[in-house]
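No value in this document is a laboratory result; all are computed from the given coordinates. This one's a predicted model, so the numbers in the text were calculated from it and none came from an experiment. In this analysis, Cβ positions are derived from the backbone assuming ideal geometry, glycine residues included, and neighbour counts consider all displayed protein chains.
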Amino acid sequence: MPRTATPEDPRIRRLERATKRLADAETEFEAALLDLLEHGPRGAQAAATRITGMNRDTLRRRHRDHEGRANREKGEAASAA
């Protein structure tokens, strides 16, 4: 006889929490898009902050780090060739 999940089953609770997080993220994403559409470039910053939960300085620092890493990898690839 196949096993059926009961409401107390941890798998069901995990699925319910994941579904709620997904719905919350979708709502935040829609709000961020509205910020972007209504406020242009300033909305883009607000949208990025809203989606990532990071402030402007943190986002800039991560972007610089990412660019620096990409440039280093390009340099290493060029020197290896």
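May I ask you to verify whether Gly40 is at positive phi and assigned to a helix (DSSP H, G or I)?
Details: at positive phi: yes; assigned to a helix (DSSP H, G or I): yes.
So Gly40 passes the test.
Kindly indicate which of Arg60, Arg11 is basic (Lys, Arg), assigned to a helix (DSSP H, G or I) and surrounded by 10 or more Cβ atoms within 10 Å (Cβ to Cβ).
Answer to the check: Arg60.
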